Amino acid sequence: SRLLWALRPTLTVVFFAATLRLCLGLLVGLAAGWSSRRWAQIFDSVIAVALTVPVLLVALFTVAALGIQWGVWAFILGLTLTAWADVARVIGEQTRIVRGQPYIEAARALGASSRELILRHVLPQVLGLIWMLLAFEISGALLVTAGLGFLGYYVNAIWVPLGDWSAMRTSGQPELGQMLASGSEVVLQQPWELLVAATMITSIVLAFHLLGEGLRQWSGSTAQRQTRATVERARRQVGRHLPPAAHLPAPLRRPGFSTAAIALLLLLALVGGAVALWRAQRSQPQQIAVTVPGGHQWASARHDAQGTVWTPVQGPAVGDLLWTVRDESGFAGGP
């Protein structure tokens, strides 16, 4: 149940940050690809600088600088501040390719303005890459969010002040980064907690990455040949350490066997982690509610009920009359 609840805040932040990164990258990429030479160089320089800065460091600095006042928006801003550069680079290159086409020159000769050219001719060619880029941005944002959580900065954290200049971060609503951070602290006693959270993050990142790769191949991207060459090189390297295909059984020689084997391994890892978590919850002893002696809440002095300050001395059930005051004339005057 914690894992299911942890998906909602994590994926909400990731989807929002990925969409914002995509919009900023689209605008900057169109401006860089359609501008004149001087402005194009300026935009390219800004994109190059943004690409050189690690996204994890920028997000870590942003979340630490803004603090808890910004809440979730600190994570969204940190994940978006420089991460739009990848989208801007791809959109800028595609815009330059479309700008050099003959029909763009023909439309310009017929009197079409730059706005009409961008809206009618450039955007339809560029929007085909949007879904592919969105899938890659989601996987990248989730990786950075997991890295922040492992370092101790996660969504919906609760800060408990310890003094004037110090505070302690505790777990609030379940989140995948928070589960990574808490699981790493008890990895030797309860390794399944870290294993299940890491497996879920890996599966989601791999799913969106494969989705983006499939969309890129389907859209006829120019990087398709490079991807195939990389896969072929990997197959050749793996094939050196495997027996020849002629000596393998017939089912193992099928083309889709490797893909099915990878999917089966991922499924077995998820099922094994879920079973281990279920068995760990069943094997945990039932917690016993300890009654605070005396019915008061003094236990916070030593952080447990046994540390409550109390005494077993029993007083008299009925008070004894020790002395009385009598005045025959009666009491007069004020108090």
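The values are calculated or read from the model by the stated rules, or taken from the named source; none is laboratory data. Please read these numbers as outputs of a predicted model, since none were measured by experiment. FYI the Cβ positions are ideal-geometry reconstructions off the backbone, even for glycines, and counts take in every protein chain you see.
Brief remarks on what is shown
- Subset tally (residues that are surrounded by fewer than 17 Cβ atoms within 10 Å (Cβ to Cβ) and hydrophobic (A, V, I, L, M, F, W, C)) for the range 12-25: 2
- Residues (under 37 Å from the mean Cα position of the chain (by Cα), part of a helix (DSSP H, G or I) and among the hydroxyl-bearing types (Ser, Thr, Tyr)) located in the range 71-116: THR80, THR95
- Residues of the range 1-44 satisfying the condition of being of a type in the set (S, T, N, Q) and farther than 30 Å from GLY149 by Cα: SER35, SER36, GLN41
- Verdict on GLY67 being in a loop (DSSP other than H, G, I, E, B), over 24 Å from ARG216 (Cα atoms), without any contact (Cβ under 8 Å) to a residue 24 or more places away in the chain and not polar (S, T, N, Q): no
- Of the residues screened, ALA146 is one that is under 30 Å from PRO54 (Cα atoms) and either surrounded by fewer than 18 Cβ atoms within 10 Å (Cβ to Cβ) or not acidic (Asp, Glu) (or both).
- Count of the range 1-27 residues which are farther than 18 Å from ALA135 by Cα and among the small types (Gly, Ala, Ser): 2
- Test: residue in the range 87-99 that is within 21 Å of LEU143 (Cα to Cα), among the acidic types (Asp, Glu) and either touching a His at 6+ places or on another chain (Cβ under 7 Å) or in contact (Cβ under 8 Å) with a residue 24 or more places away in the chain (or both): no
- Tallying residues that are touching a strand residue (DSSP E or B) at 6+ places or on another chain (Cβ under 8 Å) and modelled with pLDDT of 85 or more within the range 113-155 yields 0.
- Scanning the range 43-50 for residues that are under 19 Å from GLU137 (Cβ atoms), of a type in the set (Asp, Glu) and surrounded by 14 or more Cβ atoms within 10 Å (Cβ to Cβ) turns up nothing.
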